[in-house]
1. Just need the relative contact order of segment 96-149 here, percent rounded to a whole number, with Cα pairs under 8 Å and 6+ apart.
2. When the Cα centres of segment 70-104 and segment 15-30 are compared, how far apart do they sit, in Å?
3. Under a point spin-label approximation (7 Å from Cα along Cα-to-Cβ), what is the VAL75-ARG126 distance to one decimal in nm?
4. For the chain, what % of the accessible area comes from carbon and sulfur atoms, probe 1.4 Å?
5. Which value, in debye to the nearest 20, gives the size of the charge dipole of segment 7-185 about its Cα centre, when Lys and Arg are +1 and Asp and Glu are -1 at the Cβ?
6. Scattering from the C-alpha atoms of segment 96-192 alone, worked out with Debye: what is log10 I(q)/I(0) at q = 0.10 1/Å?
7. Per residue, how much accessible area does segment 1-144 show when a 1.4 Å probe rolls over the protein heavy atoms, in square angstrom?
8. Mind listing which GluC sites (Glu not before Pro) in segment 46-93 are in a DSSP loop and have 11 or fewer other Cβ atoms within 10 Å?
Amino acid sequence: MSPVSEVVRLTLVSHAMTDAMAAGRFPVDEPVNPLGRDQIAKVGRADLGQAERVFCGPEMRARQTAELLGLHATVETGLADLDCGRWRGDELGGVPPADMAVWLTDPVRAPHGGESVVELIARVGRWLDSVTTARTRVVAVTHPAVVRAAILVALDAPPKSFWRIDVAPVSRTALHFRGYAWNLRGAPISSE
């Protein structure tokens, strides 16, 4: 049995609200908006300061969320958002319905010419493997798609479940790695 010190405690933080999120557009490399800044101010750092290693996705919204949380993060390309290819910046409603249906139901396909859900899950799985030797507290500020992918890896769930996971802006998801597998960890009830 592994001692407690042999656990990797990973907290995934979803970036704050952006104009693209608010308008229902596919993401571009943009900053958080004023609502996103308010979200960050409301949640604060809490226990994030206890992390010994801090990473963030390369996009401006992830880097800025980390910075506004007071975290000194190392940019990690493995935490990049799902590449939406030629749909970047487009309104969700502007995508041909048949293409949207394929994207939302077939995780192997990427009708936008970018990254498929299966490719994203594999990339995030490789990144998770890279932090299993850390044996420490890790924080990663990233994107809802990356958080979904990490949950699927931890649960060994099928890729078709990807779109059934909601990840709110500035939400936190805890994963623990002990010995041989990732586990999803629920948050304690606040006494506030």
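1. 25
2. So the two Cα centres are separated by 10 Å.
3. Those two pseudo-labels are separated by 1.9 nm.
4. 52
5. About 680 debye.
6. -0.31
7. Numbers: 6920 Å² over 144 residues.
Heavy-atom SASA per residue in segment 1-144 reads 48 Å².
8. Loop-located and lightly packed - GLU52.
The values are calculated or read from the model by the stated rules, or taken from the named source; none is laboratory data. The structure presented is a predicted model; accordingly, all values stated were derived computationally and were not measured. Cβ atoms come from the backbone with ideal geometry, glycine included; neighbour counts cover every protein chain shown. The accessibility values were calculated without ligands, DNA or RNA, using every heavy atom of the protein model including side chains. Shrake-Rupley method; radii C 1.70, N 1.55, O 1.52, S 1.80 Å.
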